[in-house]
Ligand code: IPE
């Protein structure tokens, strides 16, 4: 190797290394910015670390982070992270209106308008940020069950079933939004099938930036159990309960209230149903005994009924977020729970 060739090589390598070092430094500066902005405002939020790492990954995939565009990147970080951290600091209340409370599950497409309007007025009692989730009841379950959407994509007929189930859910959602608006709540629909990535029936991620901004503005996001494209099964049903749990963790909810048409979870001796008893508290450790004696839902339920509901909520308990199932069919119960009363139904909490 001649000396001049060696020199040329060193010069080239130095140039490359400097370029790489500059790039790396710009990335590090960007990462530090993300961390600084988030640490400054996150306030001990549960999913902060995960969100931060996911955000950084996305940022470097989307952007060529160099010193030249660092200012632009910093503005983007502020635009996207600040609403998130503000929303996280708000610790919203998440309320689910079960399908059995707002629809007649024994019929088809039968909305209980007067109950829905009463519940909307009760929701008005929330004095902080609020997210509403509703179930499918007689709108979602019968069609989803007919086309066996929950089993995943098996045949072409299911495509129309998927479309019809979604349309039915949108119809029910329109009733919910209307009722909330009548009660004076600025509600807006969030369509899960358009913003969730689901695999094997479980949410992998969801685009939450608009939701953060809505909460920051004081708008009430309303989302619902829906049919969703599924990366592994082709299609599946995303239950309102799974959504509640996902959102509660991602948004660092202050509390979760599930409005059902029963007082909570009951033990039911199958031979002596009259002796069934309301269970006041369920913890991950008491669950194994409780599950054997839980009652079954009436009407078709493609998302698993009460047992599945509690199982979802136990995931939340593990994150330290308390949930309570209350009887929203009884006037003022939901309102009392929203105003902070505890012990009205079954609490699901870490034990
Ligand atoms: C079901 O949602 C949605 C569809 C069937 C499309 P949920 O499972 O949350 O509904 P409910 O509360 O049990 O009715």
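Quick note: the coordinates plus some simple rules give every number you see, no bench work behind them. Nothing here was measured: the structure is a model prediction, and the numbers come from that model. Heads up, the Cβs are rebuilt from the backbone with ideal geometry, glycines too, and the neighbour counts pull from every protein chain shown.
Using only alpha-carbon positions, what ratio does the radius of gyration of the range 147-196 give when scaled by 2.2 N^0.38 Å?
1.45
Over every pair of different alpha-carbon atoms in the range 125-245, take the mean of 1/r and invert it; report that Kirkwood radius in Å.
14.8
If each residue's Cβ is checked for other Cβ atoms within 10 Å, how do 141, 175, 134, 166 rank with the fewest at the top?
175, 166, 141, 134
In vacuum, with every alpha carbon of the range 76-171 counted as one equal point scatterer, what does the Debye formula give for log10 I(q)/I(0) at q = 0.17, 0.19 Å⁻¹? Two decimals, please.
-0.84, -0.90
What is the mean projected area of the alpha carbon convex hull for the range 91-348, to one decimal in square nanometres?
That works out to 12.9 nm², a quarter of the Cα hull's surface.
Which distance in nm do the two modelled labels at residue 267 and residue 291 give, with both placed 7 Å along the Cα-to-Cβ direction?
1.8
Taking every DSSP beta bridge that has both residues in the range 91-348, what percent is antiparallel when rounded to the nearest 5?
Antiparallel bridges make up about 40 percent of those DSSP assigns within the range 91-348.
Estimate the FRET efficiency between residue 29 and residue 191 by the formula 1/(1 + (r/R0)^6), using the beta-carbon distance for r and 51 Å for R0, to the nearest 0.05.
0.85
Using 7 Å Cα-to-Cβ label points, what is the residue 254/residue 127 separation (nm, one decimal)?
Result: 0.9 nm between the two label points.
Note down the nm distance, to one decimal, between modelled labels 7 Å out along Cα→Cβ at residue 68 and at residue 231.
The modelled label-to-label distance comes out at 3.3 nm.
Using the beta-carbon distance between residue 117 and residue 53 and R0 = 45 Å, what value does 1/(1 + (r/R0)^6) give for FRET efficiency, to the nearest 0.05?
Calculated value: 0.55.
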